Amino acid sequence: MALGSTRTLVRMTATTASDLSSVTSSDAALRAFLHGLPGVDQVGAEQRAAMLGTRSIKTTAKAWAIDLAIRMVDLTTLEGADTPGKVRALCAKARRPDPADPTCPPVAAICVYPAMVPVAVEALAGSGIHTASVATAFPSGQAPLEVKLADTRAAVAAGADEIDMVINRGAFLSGRYLEVFEEIAAVKQACGDAHLKVILETGELATYDNVRRASWIGMLAGGDFIKTSTGKVPVAATLPVTLVMLEAVRDFRDLTGRQVGVKPAGGIRTTKDAVKYLVLVNETAGDDWLDPDWFRFGASTLLNDLLMQRTKLTTGVYSGPDYFTLD
Amino acid sequence: MSEARVAVRKTYKLFIGGKFPRSESGRSYIAQDANVALASRKDVRDAVVAARAAVKGWSGATAYNRGQILYRVAEMLEGRRDQFVGLGLSAGEVDEAIDRWVWYAGWSDKITQVYGGANPVAGPYFNLSAPEPTGVVGLAAPPSFLGLVSVIAPAIVTGNTAIVLAAKDAPLAAVTLAEVLATSDLPGGVVNILTGDPAETAPWLAAHMDVNAIDLTAVTDPALATSLEEAAAGNLKRVLRPPLTAPDWSADPGLTRMTAYLETKTVWHPKGI
Amino acid sequence: MFEYAPAPESRAVVDIKASYGLFIDGAFSDPADGASFKTINPASEEVLSEVAEGGPADVDRAVAAARKAYDKVWSRMPGRDRAKYLYRIARIIQERGRELAVLESLDNGKPIRESRDVDIPLVAAHFFYYAGWADKLPYAGFGPAPRPLGVAAQVIPWNFPLLMLAWKIAPALAAGNTVVLKPAETTPLTALLFAEICQQADLPPGVVNIVTGAGDTGRALVEHAGVDKIAFTGSTEVGKAIARSAAGSRKKVTLELGGKAANVLFEDAPIDQAVEGIVNGIFFNQGHVCCAGSRLLVQESVYEPVLASLKRRMARLRVGDPLDKNTDIGAINSAAQLERIRTLSDIGGEEGAERWSPPCDLPDNGFWFAPTIFTGVTQAHRIAREEIFGPVLSVLTFRTPAEAVEKANNTPYGLSAGVWTEKGSRILWMADRLRAGVVWANTFNKFDPTSPFGGYKESGYGREGGRHGLEAYLDV
């Protein structure tokens, strides 16, 4: 099926597989490609997401989903007030989210500012938990490219194996798509072996059409993940935005054979929310993305709710926040 | 003193597709002291073909354009007023008939607003209902001239095309009206007029599967009306039944003769960015 | 694999009696000849209840009760009071929504997600909408003092049992008529629960009468000399018979009949939403929808990707227990309907169309049919012309907008149509030319009490919903 739909999607987007690289050869070519992508009907996309939100995930399915969600958490602290002590505490929680239950899995990664990377790397040594660092003048990205690249290199040099960059929304919204692309490609190069997550800041992109186009720019430029939000603007991850991004990674793999991950971030606070996202993944991109290598939650408070629900499932009684660590 | 001039008499023929053919059957009959074409089932068939062919252009014309053409019919009729009086009609009836064309002409670009509208659905959708012509309408015409005009004008003003079965004993005004229509910029086929015996032709029209609606107002024989309505069920024609009491054609016509041949189409579209 | 554990809605919320009588003149009573029939759960073939089968004598009694209520009570009651009864009914339906949804899914086989999120909310909304009209009829555009017709005979189908009841009863009562309604023989239970709701609302006896039975009961009702109005939703074949039988009478007739809707997808469509729309268009309610988008017309330039997306999406459809909250496609309503779907589908294969269904495990008991598409279909195939009324989609292609219109309209039906394109002017161009009573552009299968619904050509006549829906119940 992949081959068949590759051929046909290419026709759909007015290009061919062999010249996919040529779509980024000029601003005009990239614009033509992005504007040739199928549009997104807002009402239809939101209704699909809402319908999937009505899936009733109970008992064994819920237990499975909660453990998977915990394993997908990028446990995040991105505050000016972050200290080494705070980060170390968070890392401890990442390793053993529920100290009372050794069967509880660790999270996927810790996500911090570059300055905190050395602390996190040390605290997570040997755990298999990734260290993600935001970079590129997060969250606004309003810095010269050289500064953004230096920011990236510093984080990688400090030991981060995942970089969460922000795209240049100003360039995107003014139609300078190639500039956005080239910046991401440059950051990708600066990452070296570190995985690159491209934050689209969907809350600032205004339309789902823009979310789809930005997703494709991020993927074409070499991003390993596309991520919704910084968590620093009023609108963060939503189900329909994530739906559109999941459709993008699905179509991109059909076209190129390369799989790209998705990370909704910000605003996902409850187990119920997280399970809705997993349903969305399951019924949009499919099983291949139901893995921490391909889907992450950028969250902080979500973890405790997942733990409380997990405890409820095993003990049969509702838990309370006093029984979980606040870090 | 000169000899009395020998008059040139008129041959009263059918009106199909904008032309004036004789009945394909070659038959005629005497009515109102004239030889009049006696339409056959094949004339019905030809008239339906002509009416169907005219639907696309006529229903696709702008309402403004249709209104002007109906008004043009009134102008032409006004000019031939004496001709109709000469057929034995009262001047008052002819005047009322002229005024009726004018009245319906004005409805062409108003009925959509009066009969359609926006629907406030509970969701992010644009939703609009608008009337559209049903297509080809068969009309059994009443003998009165005002009645004839009062059944044709509302059927066509909204974009339908019509096959008119003129009353058996009063065909001359109908054929003369055809001459008016033929000189009023009305596209050929929009109105087709068949003279003859509706008791013979109406069953073919009522059963025709390419006719969308039928008006039985002037069918005074209840058994015939019932059998025509039964035949019309074959393709679920919209049926205007005969009224309980004889219609008063001089009364305010209201909307029902227009809405009887209108379909309501409702269009939905999401509202989003 | 993310396997969703069963999430069944509880049956305990609904109390199904072992047997039901006819609801006439405000009370349940036995039929004159004591006949009855069983109604079963199509998902399990379990008998749910034994229901009275109304005969001619019962129809007589029901029509007489409706006449008396019309003459003595309902036609004389001020509109504002009729409104209050309808508002009461709307509220009770909202309060008992869960119960009605479960009962509907049990008796009909439709997924609880649809009965809960679509059918029952629309039922309540319909009563709420028409309640407001009851004291505003002079403003409806049908003259200063429009009169009701009298007694309405209403016959409804099994695909949306309670929703079709609402479409019939709400405008009829608002306009001042009384009704005798016959629900479909395979889905009588929510109508009988509605009868209880009428009692709960203290609706005057005889205003609503529910006479259960099959085709003969329906025929006796619509042919009854004492009715002034016939409203029927069902097959075109029966609709024609009703139109014939009403010929020569003074009964006003409205018919909402079959369809074979084209869902037209252009190359510039929002593909992901269009695929959702195709799926919703044909698999909603197991395809038991008169306005189902049963003919997909795809522009040739995007045929392959659309087909691939559609198949991928269909593979996600969850077929099974109607009461499971995660079920997308429930049971076929009856053995007879299943047989018809199978027969027409087999013919599709024999005529050379290529058949495809996603792998899915169907339950052993009950009536089931996997979601199915046929490709390589032409206008000449029977599956492209006849209403299958099941989860079976015929896929055809076109090259130009004019060809799409021609193919879409090339049917004796004209109930609904769909258009998918992001080009606004093309939507309006298409909407002008599609000969159908409802045109969904970039959406499908949307319903609302304010929005008129009904067909062109052999899909029937008259409109239900909105201001237009009142016309069917007023002497205009």
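The values are calculated or read from the model by the stated rules, or taken from the named source; none is laboratory data. Quick caveat: nothing in here was measured; it's all calculated off a predicted structure. Note that we place each Cβ from the backbone using ideal geometry, even for glycine, and neighbour counts take in every protein chain shown.
Brief remarks follow.
- Filter result (in contact (Cβ under 8 Å) with a residue 40 or more places away in the chain and not in a helix (DSSP H, G or I)) within segment C:47-76: C:L48, C:S49, C:V51, C:A52, C:E53, C:G54, C:G55, C:S75
- Residues satisfying the stated conditions in segment B:217-259, i.e. among the hydrophobic types (A, V, I, L, M, F, W, C), within 15 Å of the chain's Cα centre (by Cα) and facing another protein chain (nearest Cβ under 10 Å): B:V239
- All conditions in (1) away from chain A (no Cβ under 14 Å); (2) within 27 Å of the chain's Cα centre (by Cα); (3) in contact (Cβ under 8 Å) with a residue 40 or more places away in the chain hold for C:E114, with the sole exception of (1).
- Subset of segment A:287-318 (residues that are in contact with a Lys or Arg (Cβ under 6 Å, 6 or more places away or on another chain) and more than 29 Å from A:L246 (Cα to Cα)): A:Y318
Condition check ((1) of a type in the set (V, I, T); (2) at the interface with chain A (Cβ under 9 Å from one of its Cβ atoms); (3) part of a helix (DSSP H, G or I)) across all residues:
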| residue | (1), (2), (3) |
| --- | --- |
| C:A247 | no, no, no |
| C:R250 | no, no, no |
| C:V253 | yes, no, no |
| C:G259 | no, no, no |
| C:D272 | no, yes, yes |
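- So B:T161, is it surrounded by fewer than 24 Cβ atoms within 10 Å (Cβ to Cβ), of a type in the set (V, I, T), away from every other protein chain (no Cβ under 14 Å) and within 19 Å of B:N65 (Cβ to Cβ): no
- Residues of segment B:104-143 classified as closer than 26 Å to B:K237 by Cβ and away from every other protein chain (no Cβ under 14 Å), total: 9
- Taken together, the residues in segment C:177-192 that are crowded, with 24+ Cβ neighbours inside 10 Å and either not β-branched (V, I, T) or not assigned by TED's automatic domain parsing to the domain that holds C:G26 (or both) amount to 9.
- Test: residue in segment A:257-267 that is within 10 Å of chain C (Cβ to nearest Cβ) and modelled with pLDDT of 95 or more: no
- Residue under evaluation B:T201, criteria (1) within 12 Å of another protein chain (Cβ to nearest Cβ); (2) in contact with a Lys or Arg (Cβ under 7 Å, 6 or more places away or on another chain); (3) in contact (Cβ under 8 Å) with a residue 40 or more places away in the chain, criterion not met: (1)
- If the condition is being surrounded by 18 or more Cβ atoms within 10 Å (Cβ to Cβ) and either among the acidic types (D, E) or not in a loop (DSSP other than H, G, I, E, B) (or both), then segment C:1-27 contributes C:E9, C:Y20, C:L22, C:F23, C:I24, C:D25.
- When each of A:L278, A:L326 is tested for being part of a loop (DSSP other than H, G, I, E, B) and of a type in the set (A, V, I, L, M), the lone residue that passes is A:L326.
- Filter result (at the interface with another protein chain (Cβ under 7 Å from one of its Cβ atoms) and farther than 20 Å from B:M209 by Cα) within segment C:455-466: C:R463, C:G466
- Residues that are without any contact (Cβ under 8 Å) to a residue 40 or more places away in the chain and either touching an Asp or Glu at 6+ places or on another chain (Cβ under 8 Å) or surrounded by fewer than 24 Cβ atoms within 10 Å (Cβ to Cβ) (or both) within segment A:204-223 comprise A:E204, A:L205, A:A206, A:N210, A:G222, listed in sequence order.
- If you go through segment B:260-273 and pick out every residue that is of a type outside the set (G, A, S) and either over 21 Å from the mean Cα position of the chain (by Cα) or within 14 Å of chain A (Cβ to nearest Cβ) (or both), you end up with 8.
- Members of segment C:228-245 found to be among the hydroxyl-bearing types (S, T, Y) and within 10 Å of another protein chain (Cβ to nearest Cβ), listed by number: C:T236, C:S245
- Residues that are touching a Ser or Thr at 6+ places or on another chain (Cβ under 8 Å) and either crowded, with 24+ Cβ neighbours inside 10 Å or within 14 Å of chain C (Cβ to nearest Cβ) (or both), drawn from segment A:289-301: A:G298, A:A299
- For segment B:117-124, the condition of being crowded, with 21+ Cβ neighbours inside 10 Å and under 28 Å from C:Y456 (Cβ atoms) holds for at least one residue.
- Screening segment A:41-145 for helices (runs of 4 or more DSSP H) wholly inside it with 2 or more residues that are touching a strand residue (DSSP E or B) at 6+ places or on another chain (Cβ under 7 Å), away from every other protein chain (no Cβ under 14 Å) and of a type outside the set (D, E, K, R) returns the ranges A:84-95, A:117-124.
- Identity of the residue in segment B:89-103, without any contact (Cβ under 8 Å) to a residue 12 or more places away in the chain and either assigned to a helix (DSSP H, G or I) or over 19 Å from B:M76 (Cα atoms) (or both), that ends up nearest to the other protein chains (Cβ to nearest Cβ): B:G92
- Residues that are more than 9 Å from every other protein chain (Cβ to nearest Cβ), closer than 15 Å to C:E9 by Cβ and not in a loop (DSSP other than H, G, I, E, B) within segment C:306-336 are absent altogether.
- Considering residues of segment C:383-424 that are in a loop (DSSP other than H, G, I, E, B) and among the aromatic types (F, W, Y) only, the residue nearest to the other protein chains (Cβ to nearest Cβ): C:Y413
- Residue under evaluation C:T450, criteria (1) surrounded by fewer than 24 Cβ atoms within 10 Å (Cβ to Cβ); (2) within 8 Å of chain B (Cβ to nearest Cβ); (3) in contact with a Leu (Cβ under 9 Å, 6 or more places away or on another chain), criterion not met: (3)
- Total residues in segment C:428-447, condition assigned to a helix (DSSP H, G or I) and either more than 7 Å from every other protein chain (Cβ to nearest Cβ) or in contact (Cβ under 8 Å) with a residue 60 or more places away in the chain (or both): 5
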